[in-house]
1. Along the positive direction of the dipole of region B:250-350 (beta-carbon charges: Lys, Arg +1; Asp, Glu -1; about the Cα centre), which of B:M277, B:V313, B:A325 reaches farthest?
2. May I have the pair-distance distribution P(r) for region A:86-239, computed from all Cα-Cα distances with 10 Å bins from 0 and rounded to whole percent?
3. Taking the Cβ of B:E206 as the centre, find all other residues whose Cβ is under 12 Å away and add up their charges (Lys, Arg: +1; Asp, Glu: -1).
4. For region B:386-393, just list the computed ³J(HN,Hα) in residue order, Karplus coefficients 6.51, -1.76 and 1.60, θ = phi - 60°, integers in Hz, with x standing in for Gly and Pro.
5. Quote to one decimal, in nm, the extra length available between A:R14 and A:F46 on full extension: 0.36 nm per residue of separation minus the C-alpha distance between them.
6. Amide H to amide H under 5 Å from A:I172: which residues, 5+ apart in sequence or cross-chain, H placed 1.01 Å off N in plane?
7. Put a label point 7 Å from Cα along the Cβ direction on A:D85, then list its distances to the equivalent points in the other copies in nm, shortest first.
8. Between the DSSP loop rule and a limit of at most 13 other Cβ atoms within 10 Å, which trypsin sites (Lys or Arg not before Pro) in region B:1-108 are left?
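Every read-out reported here was derived from the displayed coordinates using simple, explicitly stated rules and does not represent laboratory data. Keep in mind that this is a model prediction, so the values were computed, not measured. Note that each Cβ is placed from the backbone with ideal geometry, even for glycine, and that neighbours are counted across all protein chains shown.
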Number of protein chains: 2
Amino acid sequence: MKLENTITAENINRNLLNVNYAVRGPILDRAMQLERELEKGIEKPFDRVVRANIGDCHALGQPPITFIRQVVALAACPELASSPDIPADVKERVREILGDCTRGSVGAYSPSLGLRVVRDRVASYIRARDGGVPASPDDVVLGAGASDVIKTVLTLFAGDQGGKPPAVMIPIPQYPLFSGTLAELGITMAEYYLDEEHEWALSRFELERSWREASEQCAVRALVVINPGNPTGQVLSRENMEEIIKFAYERGLFLLADEVYQENIVSKPFYSFKRVMHEMGAPYNRMELASFVTCSKGWAAECGLRSGYVELVRLQARVRAALQAARGVMQCPTVLGQCVLDCVMKPPAPGEPSYPQFAAEVSEVQRTLRERTADAYHTFNQIPGYSCNPIDGSMFAFPRVEIPERAQQAARELNMAPDDFYCLRLLEETGVCVVPGSGFGQRPGTFHFRTTILHTRDEFRHMLLSFARFHRAFLQQYGDERAMTVDM
Amino acid sequence: MKLENTITAENINRNLLNVNYAVRGPILDRAMQLERELEKGIEKPFDRVVRANIGDCHALGQPPITFIRQVVALAACPELASSPDIPADVKERVREILGDCTRGSVGAYSPSLGLRVVRDRVASYIRARDGGVPASPDDVVLGAGASDVIKTVLTLFAGDQGGKPPAVMIPIPQYPLFSGTLAELGITMAEYYLDEEHEWALSRFELERSWREASEQCAVRALVVINPGNPTGQVLSRENMEEIIKFAYERGLFLLADEVYQENIVSKPFYSFKRVMHEMGAPYNRMELASFVTCSKGWAAECGLRSGYVELVRLQARVRAALQAARGVMQCPTVLGQCVLDCVMKPPAPGEPSYPQFAAEVSEVQRTLRERTADAYHTFNQIPGYSCNPIDGSMFAFPRVEIPERAQQAARELNMAPDDFYCLRLLEETGVCVVPGSGFGQRPGTFHFRTTILHTRDEFRHMLLSFARFHRAFLQQYGDERAMTVDM
């Protein structure tokens, strides 16, 4: 009979079957199941699940920035302006934003690229960040987070080129938004390894190797660089960035700079790719570029409000038009998200009523990040069998873990990757939920996991102790004989 | 030298070059230019531009529903709960929603399918709408408007099938979200004409013709039906729906029901495809279905807040998993948008503090829609050379316009479609901005335009008069001799 499903795994877009996103993968599913089991009173070797799988600061207890939330609330409900709780600069900001909304309503569609007032603010922010390098609001496209605009830009590269399938170069380890989106778009990933021995730097030699190998079968179109790194947390040196730019120039690659953690840096200066290109002079200052920023990161960390932008530098007009048409079909990004971006791009300034509270809140976010990165770095390098590069920024640690051969064997018997096995055991025995390195990619034979580090101080100490104790027991079980002294 | 752009119209994803979205096309660009010219004091034959190109109620002056805005504001800024302006049921609603947000913050990511509390509410709404037909929150995927989830579902059909390119059947006229998205995905559009002579019904004969012709070259995978119609405004009869369902069943097509105007109906009962399938019994009650709803339409009309859902009925588990993975990469839809959907799915009930104001606001929206549809229908059928089918719902009129042969000739000389020419002239001479029928598709040799009808009463009268006067002058210029008496 005809009563089969009309769409099945056998006849849907096969690219979709290749989409994986480890950050929300099976380990998280198991963690949520464990949470439900704990709620039901089922006995576990831990009293709570600690989610450390996703860079979601508010979910870890970071309070929102009051100015942002007041602006959003008042933009949604301008009648609240009479409330004594709303400072004058919030009212002024909302007046400015609503002045650019049709009939003053956030419920009207904005232009598909975003409100002009917000795009102007983004351009000003970029100019200030880059020491005056010109920036135009016409180059700014707002989106529902960086993911949204990254996907739009990657869409440009789908489809064969001169009979060859397209490829885009991505770092390994990488943030799996890239691998997931490229898989959906049917674009080959040309992987280049970050150099763990040199603080996750990019090596020109390795870039060339990756490009050369991919070019045998594919048309390599673009290069993705994540700086500060996710999951790796490094901030690239200016020299390294210059090397990368020269490589992209010589190989005719479009550069995508994922710079979403630019406000989450604890040491080292941040240079944007745009600025470095500009200051390198010709011919590099005439290269195209896409640079991504999101309000889900930085001190705002408003993940759930979905806001971000891409600056598209020196795109050909017809390419820009095609991209704009595709964005237009989806109407516009959320206007309340655009309000968040507006606040991030132009936060309260000294002398304004909201400034003191704003400054205190941001300072606390920064202090926490500094403290956690130091703690994580210190602890992970104390646990025998763990090692961790310096964490310059982002909100993650990505320690390397030695997994004994007997444990690797046990994993293989369960048809699991050794790091998946390790992280699942960690979860089952400690309640701590991290993401295995294989979800980001890693050099064969090495094993890592990514953990967020933005928990409250006590929770974070609890996590670090859990890692140390678990690893000791793991090594005992799987027969590593090394000494196990850890001071915490 | 190497200093060409690395990405050009010649080497990007060629699908993107085929994306058109007339609702935000060149006529709107010209309208915005005219607005700027008027601001500068440049003389025009009109004193203002009237935008009637997009179904954006707030942009046309419809005030937002207070309950929705209060919930959104309080969810963003829970400290405002002390404000005397916030009713108790708003506080209670926000408490319920935030109770399902991690750590009670809308700034935390929600699950990628949406908050459980909201998806539960959607399922309850669907059950009530459909007279008790079962609905599960597990079948509900929340998105940033219907566009977002429609695109996700259409993505399932990309890629060749047994060596044949895929095709999806769409109505003509259609809402160009479908043509634009299918173009981006490289899916062939198998067009079927709605029957203008029978109030835009679907004819089984025409569906078969379209399917047969497309099947010669393509694997036809799915059927899109828009009910209530956009741009056409008809509400399908139950008999017609049954015919469509039988056709989809027999041809093994997946049915996509764009039902976003289900709350914008002035006459006739609305039946969802899900309900009709269910009540038809076996085998139709075991068919798959995707049904779309958005908060941009209905009485909420919160276009800028980006919220909607798809109910995916009876999908194969592996298909669902693939779709969920692709959604997961993009994290989650805006949580404040999810709050809007929550309010729409469960508005204030009689006896609750917000009910009286809510009921008055919704009643005014409905009264306006009834009045405007009657006015539009009446007027468009009075203008000689215009004709318009009954408008059962939506927020548009799609009148047919006779364009004299000499005017068609003049258009061809400018390399324009006759209806593009007509609408551009209308804009230049009256300031009224509508979308040419060619942006939606129409039978060759027929001409239409789509206009929104939700302006304030005076503005709408002004528009209708503008159409009548313009058309009279247009016919005078291009030599039609008919009598021109119009009573307004």
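1. B:A325
2. That works out to 10, 27, 29, 21, 10, 3, 0, in percent per bin.
3. Counting the neighbours of B:E206, the net charge comes to -3.
4. 9, 8, 8, 5, x, 9, 7, x
5. 7.5 nm
6. So A:I172 has HN proximity to A:Y192, A:Y193, A:L194.
7. Taking the point 7 Å beyond Cα along Cα→Cβ, the inter-copy spacings are 1.2 nm.
8. Filter output for region B:1-108: B:K2, B:K40, B:R48.
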